[in-house]
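Enquirer: The structure follows.
The values are calculated or read from the model by the stated rules, or taken from the named source; none is laboratory data. Quick caveat, the model's predicted, so the values are computed rather than measured. Note: ideal-geometry Cβ built from the backbone for every residue, glycine included; neighbour counts use all protein chains shown. Just so you know, the surface numbers come from the protein's heavy atoms only, side chains and all, with ligands and any DNA or RNA stripped out. Shrake-Rupley method; radii C 1.70, N 1.55, O 1.52, S 1.80 Å.
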Amino acid sequence: MTKYIFVTGGVTSSLGKGIISASLAKLLQARGYRVTIQKFDPYINIDPGTLNPYEHGECFVTEDGAETDLDLGHYERFLNVPTSQANNITTGRIYQNVISKERQGEYLGKTVQVVPHITDEIKHNMRILGESGDYDIVITELGGTVGDIESLPFIEAVRQFKWEEGSSNAIVIHLTLVPYLAAASELKTKPTQHSVKALLEYGIQPDILVCRTEHHINQDIRKKIALFCNVNINAVIESIDASTIYDVPLLMMKEQLDKTVLTKLKLAHKNEPDMESWKDFLGRLKNPTSEVKIGLIGKYVELPDAYKSIIESFVHAGAKNECKVRLEFIQSENIFADNVKEKLQHFNGILVAPGFGSRGIEGKIEAIKYVRENNIPFFGICLGMQCAVIEYGRNVLGLQNANTVEIDENTPHPVINMMESQKNITAKGGTMRLGAYPCHLKKGTKAFAAYGKQNISERHRHRYEFNNDYLKQYEDAGMIVSGLNPENNLVEIIELNNHPFFVGGQFHPELKSTVANPHPLFIKFVAAAMEHGHKKTN
Ligand code: GLN
């Protein structure tokens, strides 16, 4: 029988519910339990796919092609188990399901209401993964903060769920903030008390409180929180600021969060969590023997969350290489022919990021020309790969005004074209080429050397592709197509061999990098940047 854990948040947003959920899941997994995490978001979009990255950070794409919240990226990076559409549900999707059932007559004769119809649909979705039989424990993170108007139906659904399942089958962990008032030199518990009171008003007694804090919470404060919030003192968990999110599982282990959870769920404690490989990763992360500087060129650089998975992929690949990756963000709109050298010459590697639309694209192309000509390691992802193709077309093949039709519909050389399958699509939500597709690698290439095998699978999110009408011209001019989709010959990876590292992928490798499995292309790119650094100092 599956057990359920709900994670809610109070006081403020951004307390790190996703990281706490992922850390708890990691500890339970490390004890031998099969765990998954799902995120329920209170906004009305069907999924975050149509949101600007400035609104909501990166859109994380799953194997089955769902466009989801970036917290699913953390779940995968911590657990090394893929998530799917079922792991991310929004208010929009819940209402869409209920309204289409209403049209089909499933509620014939009834007034369709928030309670019970919307809450029933929420509870049904909360149980889908549990009922699959694949998991012993399902953790459900509720987006938003308790008291928000839009999260009310979810909170009510949790109340009903807890009542239906019983207190040892469904528990609630509430995350709050314990702020430090410098003027009083004191940690304050009142916001936590108020936040729990708000939950109690909706009929939910939290089982465990995780208190985010900048200073250690002493025994007296724990006692006070326990007393005012009706929880055991060992259910008051300190979550102190950490230097890296990857410390949090060990911090939670020290606080015995996993033990307290298992006791409340009446589950066997089994073995102590086996965190050896995790500690090994942390050891390498924290004791680098070298350092590289990598520039990330993109147009959403003011909000690093827009590139969350890329940033984390560098953490994993850096640790693997025992190398500290210093990542600097560069706004592509500010790169021009007359400043590109000054902006890029001190980097050991340049990554050109994914993106949509024309803003900043010429700066990306200018940057790629510079790193190609100056032997600086280059890694292009999706739009970054497409820009590398455009640059090579314009500057090596002499295809004047070569472009992607996304930017210039009338370009004389549409080297990046709209995919045939995309041409008749007008709707914007969930209609790109999404999710995992196979790719076949050519032997003797950098890509093959990185993966060490010929058949791979990577995740996608795009509408445009390399135009195979130009394939021969590119190959004749020295560009190597090292990865192709075996079913339809879509170009998946391009590279150059007269360059230390010049690789572009149409897919998103960053979506598959985890602590346990750092991505091979990121590992090789960081290694190339290290090599570049050595050469420079010698
Ligand atoms: N805008 C490009 C396309 O749709 C690239 C997308 C991306 O970088 N994810 O093909």
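Enquirer: Leaving ligands, DNA and RNA out of it, rank GLU465, GLU214 by accessible area with a 1.4 Å probe, largest first.
Expert: Details: GLU465 30, GLU214 130 Å².
Order by accessible area, largest first: GLU214, GLU465.
Enquirer: Of all GluC sites (Glu not before Pro) in the stretch 224-303, which ones are in loop regions per DSSP and have a Cβ with at most 12 other Cβ atoms within 10 Å?
Expert: Numbers: sites: GLU238, GLU255, GLU276, GLU291, GLU302; in loops: GLU255, GLU302.
Hits after loop and neighbour filter: GLU302.
Enquirer: Between ASP64 and HIS534, with labels modelled 7 Å along Cα→Cβ, what's the label distance in nm to one decimal, could you check?
Expert: Using points 7 Å along Cα→Cβ, the separation is 4.6 nm.
Enquirer: Using mean Cβ contacts within 10 Å as the protection proxy, how do 307-320, 139-152 order, highest first?
Expert: Working: 307-320: 23.8, 139-152: 20.6.
Output ranking for 307-320, 139-152: 307-320, 139-152.
Enquirer: In the stretch 394-441, which trypsin sites (Lys or Arg not before Pro) fall in coil by DSSP and have 13 or fewer other Cβ atoms within 10 Å?
Expert: LYS423, LYS428
Enquirer: Further, regarding this structure: Using a 1.4 angstrom probe on the protein heavy atoms only, line up HIS346, HIS216 by accessible area, largest first.
Expert: HIS216, HIS346
Enquirer: Also, I was wondering about something else. If each residue of separation counts as 0.36 nm, what is the full-extension length gain between LEU200 and ASP274 once their alpha-carbon separation is subtracted?
Expert: On the way: separation 74, 0.36 × 74 = 26.64 nm, distance 3.62 nm.
Taking 0.36 nm per residue and subtracting the Cα distance, the gain is 23.0 nm.
Enquirer: Tell me, what is the percent relative contact order of the chain, built from C-alpha pairs under 8 Å that lie six or more residues apart?
Expert: Across the chain, relative contact order equals 15 percent.
Enquirer: Tell me which trypsin sites (Lys or Arg not before Pro) from the stretch 438-471 have a DSSP coil assignment and no more than 14 other beta carbons within 10 Å of their own.
Expert: When the trypsin sites (Lys or Arg not before Pro) of the stretch 438-471 are filtered for loop state and at most 14 Cβ neighbours within 10 Å, LYS443, LYS453 remain.
Enquirer: To the nearest 10 degrees, how steeply does helix 308-320 sit against the main Cα axis of the chain, on a 0 to 90 scale?
Expert: 80
Enquirer: Further question on the same structure: State, as an integer percentage, the relative contact order of the stretch 172-266 based on alpha-carbon contacts under 8 Å between residues 6 or more apart.
Expert: Result for the stretch 172-266 is 26 percent.
Enquirer: For LEU267 and LYS190, FRET efficiency with R0 = 30 Å and r from the beta-carbon atoms, rounded to 0.05? Provide the component values of the computation, followed by the final result.
Expert: Values: r = 34 Å, r/R0 = 1.13.
So the FRET efficiency works out to roughly 0.35.
Enquirer: Moving to a separate point now. Using only Cα atoms, find the angle between the long axis of helix 361-373 and the longest principal axis of the chain, and express it within 0 to 90 degrees, rounded to the nearest 10.
Expert: The two axes meet at around 60 degrees.
Enquirer: Below 8 Å, C-alpha to C-alpha, sequence gap of six or more: please give me the relative contact order for the stretch 420-538 in percent.
Expert: Taking the mean separation of contacting Cα pairs over the length of the stretch 420-538, I get 22 percent.
Enquirer: Between the helical axis of 276-286 and the dominant principal axis of the chain, each derived from Cα atoms, what acute angle in degrees is found, rounded to the nearest 10?
Expert: Helix 276-286 sits roughly 60 degrees off the main axis of the chain.
Enquirer: Within the set LYS17/LYS162; LYS369/LYS535; LYS110/LYS264, which residue pairs have Cα atoms separated by over 28 Å? The partial results should precede the final answer.
Expert: Working: LYS17/LYS162 20 Å; LYS369/LYS535 21 Å; LYS110/LYS264 39 Å.
Result: LYS110/LYS264 exceed 28 Å.
Enquirer: THR426 to ASN395: extension gain in nm, 0.36 nm per residue of separation minus the Cα-Cα distance?
Expert: Details: separation 31, 0.36 × 31 = 11.16 nm, distance 3.37 nm.
Residue separation times 0.36 nm, minus the Cα-Cα distance, leaves 7.8 nm.
Enquirer: Moving on. Hull surface divided by four, with the convex hull built on the Cα atoms of the stretch 19-145: how many nm²? Working shown, then result.
Expert: Numbers: hull surface 34.5 nm².
For the stretch 19-145, the mean projected area of the Cα convex hull comes to 8.6 nm².
Enquirer: Starting from 0.36 nm per residue, how many nanometres of slack lie between ALA226 and SER457 once their C-alpha separation is accounted for? Kindly include the intermediate steps, with their values, before the conclusion.
Expert: Values: separation 231, 0.36 × 231 = 83.16 nm, distance 4.91 nm.
Extra length available between ALA226 and SER457 comes to 78.3 nm.
Enquirer: Let me know the charge dipole size of the chain about its Cα centre in debye, to the nearest 20, where only the beta-carbon of Lys, Arg (+1) and Asp, Glu (-1) is charged. Don't skip to the end; give the middle numbers.
Expert: On the way: 58 positive and 64 negative charges, 219 e Å.
So the dipole magnitude of the chain works out to roughly 1060 debye.
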